[in-house]
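Enquirer: Dropping a structure here in structure tokens format, bear with me for questions.
The values are calculated or read from the model by the stated rules, or taken from the named source; none is laboratory data. Just so you know, these numbers come straight off a predicted model, no measurement behind them. Cβ atoms come from the backbone with ideal geometry, glycine included; neighbour counts cover every protein chain shown. Side chains are part of the model used for accessible areas, which takes the heavy atoms of the whole protein and leaves out ligands, DNA and RNA. Shrake-Rupley method; radii C 1.70, N 1.55, O 1.52, S 1.80 Å.
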Amino acid sequence: MKNLKAYGLFLAVIAVDLAILVYDRGLGARIIANTSRNFLQMAGVIPPIFLLLGLLDVWVPRETVVGLLGEKSGIKGVLLSVFLGAAAAGPLYGAFPVAGVMIKKGARLSNILIFLGAWSTLKIPMFLFEMSSLGYKFAVTRWAVDVFGIIIMAHLIERLLTREEKEEIYRRHAADF
Amino acid sequence: MFTAVLYAISISFLLFSLARDRKKTKTAVLKAWKSFANLLPAFLGVLSLVGLVLTVLNPDVISRLIGAETGFKGMMLTSAIGAVTLVPGFVAFPLAASLLERGAGIMQLAVFISTLMMVGVVTLPLEISYFGRKEAFLRNAMAYLFSFLVAFIIGMVVS
């Protein structure tokens, strides 16, 4: 029963899709084609990410992550988080499991938030593409403002969460990622 | 291309790990599988929602909605579209470029690009399962407001 509840959103969306298919065949067919394409893309990207995370979890000792990204990592941890996020590729939902392992291994919350922000907006391949379509002024300005914004917002969020709320986040990932 | 590299890297790490320690490798694979199975419902939900929203709000509809009108009203609309949709960058950037040519405002597009990347309404269930409600709300709300700041700065620099 717990399993069925977890699939609630999925089942609800599929029900809407089917209802649309009945009323508007063309639109419904396009929705189903796009949805299957999304599934296929996920089926392609997600398994190797999880495999890597499993290996990372087993082989990389906690002390290493704490040293690089933990509470005392300072500016080095901030820069490394920006770099890790910007060097990545792939959709944002691929970043959450990575963030989960980083939490489990004791990375500082603000660094994880910086990593997520960098993954979503600072990706280098995307930046190159953005420059070619919207011009270097647009792309460079956005990138530069975003770097500062992401770092500031990450620290702001870390401060706004109470100690209990932060502990809850770390507890959530103590066993799994 | 990215996927191929990812597979090559993870498979070579897997083989390396297997050569070093069979038992540890088995644990790693089991952990990977368990986490994947845990997340599968959320992934399926989010991806099916993206499929639905993206199809209904296709580029044609988006461009018709924004039109050439500018001002804060236009920014509210583009930021809302950016926040709820999940268009990949390689679709969004050319779309924004073509809208720009047809007379859409730079700030409207900047706020669209920024919210598109930073604010994830459809990925909220996933984010909540990782970070809890408060973090998810704070991060998305801040990112939404910040997108307007980015747009104003880009508007000043570019024009």
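Enquirer: Could you tell me which of A:ASN38, A:PHE50, A:THR141 has its Cα farthest along the dipole of the protein assembly as shown towards the positive end, charges placed at Cβ (Lys, Arg +1; Asp, Glu -1), taken about the Cα centre?
Expert: Farthest along the dipole direction, towards plus: A:PHE50.
Enquirer: Give me the angle, in degrees from 0 to 90, between the Cα long axis of helix A:95-104 and the longest principal axis of the Cα atoms of chain A, rounded to the nearest 10.
Expert: 40 degrees
Enquirer: Let me check I've understood the local charge: for B:LEU18, count other residues with C-beta under 13 angstrom from its C-beta, Lys and Arg +1, Asp and Glu -1. What total comes out?
Expert: +4
Enquirer: What is the mean number of Cβ atoms from other protein chains located within 10 Å of the Cβ atom of each residue in peptide A:33-39, rounded to a whole number? Could you put the intermediate results ahead of the total?
Expert: Values: counts 2, 10, 9, 3, 3, 10, 5.
Other-chain Cβ atoms within 10 Å of each residue's Cβ, averaged: 6.
Enquirer: On a 32 Å Cα-Cα criterion, which of the cross-link pairs A:LYS123/A:LYS166; A:LYS72/A:LYS137; A:LYS5/B:LYS26; A:LYS5/B:LYS23 come out too long?
Expert: Working: A:LYS123/A:LYS166 27 Å; A:LYS72/A:LYS137 36 Å; A:LYS5/B:LYS26 30 Å; A:LYS5/B:LYS23 35 Å.
Long pairs (Cα-Cα over 32 Å): A:LYS72/A:LYS137; A:LYS5/B:LYS23.
Enquirer: Here is a further query. Going by a ≥ b ≥ c, the root eigenvalues of the Cα gyration tensor, does segment A:1-45 fall in the rounded group (a/c under 1.5), the prolate group (a/b larger than b/c) or the oblate group? Write down the numbers at each step before the final one.
Expert: Numbers: a/c = 4.90, a/b = 1.21, b/c = 4.04.
The shape class here is oblate.
Enquirer: Return the sequence-ordered ³J(HN,Hα) values of segment B:144-159 in whole Hz as given by the Karplus equation 6.51 cos²θ - 1.76 cosθ + 1.60 applied to θ = phi - 60°, using x for Gly and Pro.
Expert: Values per residue, Gly and Pro as x: 5, 5, 4, 4, 5, 4, 4, 5, 5, 5, 4, x, 5, 6, 6, 7 Hz.
Enquirer: Counting only the heavy atoms of the protein chains, how much of A:LYS166 is accessible to a 1.4 Å probe, in Å² to the nearest 10?
Expert: 60 Å²
Enquirer: Oh, and also: Using θ = phi - 60° and the Karplus relation 6.51 cos²θ - 1.76 cosθ + 1.60, list the HN-Hα couplings for segment A:9-20 in order, rounded to whole Hz, with x at every Gly or Pro.
Expert: Once θ is set to phi - 60°, the couplings for segment A:9-20 become 4, 4, 5, 5, 5, 4, 4, 4, 4, 5, 4, 5 Hz.
Enquirer: Apply the a/c threshold of 1.5 to the C-alpha gyration tensor of chain A and tell me whether it is rounded, prolate or oblate. Each step should come with its number before you reach the end.
Expert: Numbers: a/c = 2.05, a/b = 1.34, b/c = 1.53.
Note, shape of chain A comes out oblate.
Enquirer: If you put +1 on each Lys and Arg Cβ and -1 on each Asp and Glu Cβ, how big is the dipole of the protein assembly as shown around its Cα centre, in Debye rounded to 20? Provide the component values of the computation, followed by the final result.
Expert: Values: 32 positive and 19 negative charges, 188 e Å.
Dipole of the protein assembly as shown, to the nearest 20 debye: 900 debye.
Enquirer: Starting from the Cα of A:PHE148, step 7 Å along the direction of its Cβ; do the same at A:LYS166; then give the gap between the two resulting points in nm.
Expert: 2.5 nm
Enquirer: When a/c is below 1.5 the answer is rounded, else prolate if a/b is larger than b/c, else oblate, so apply that to segment B:1-42 with a ≥ b ≥ c taken from the square roots of the Cα gyration tensor eigenvalues.
Expert: Since a/c reaches 1.5 but b/c is at least a/b, the shape of segment B:1-42 is classed as oblate.
Enquirer: Can you list the aspartates and glutamates whose alpha carbon is less than 17 Å from that of B:LYS24, not counting same-chain residues fewer than 8 positions off?
Expert: A:ASP57, A:ASP176
Enquirer: Would you work out what percent of the accessible area of segment A:86-141, with all protein chains in place, is carbon or sulfur (probe 1.4 Å)? Numbers along the way, then the final one.
Expert: On the way: 1070 of 1490 Å².
Taking all protein chains in place, segment A:86-141 shows 72 percent carbon and sulfur surface.
Enquirer: I would also like to ask the following. Could you size up the charge dipole of chain A around its Cα centre, putting +1 on the beta carbon of Lys and Arg and -1 on that of Asp and Glu, and report it in debye to the nearest 20? Let's see the in-between values first.
Expert: Working: 19 positive and 13 negative charges, 12 e Å.
Here chain A has a charge dipole of around 60 debye.
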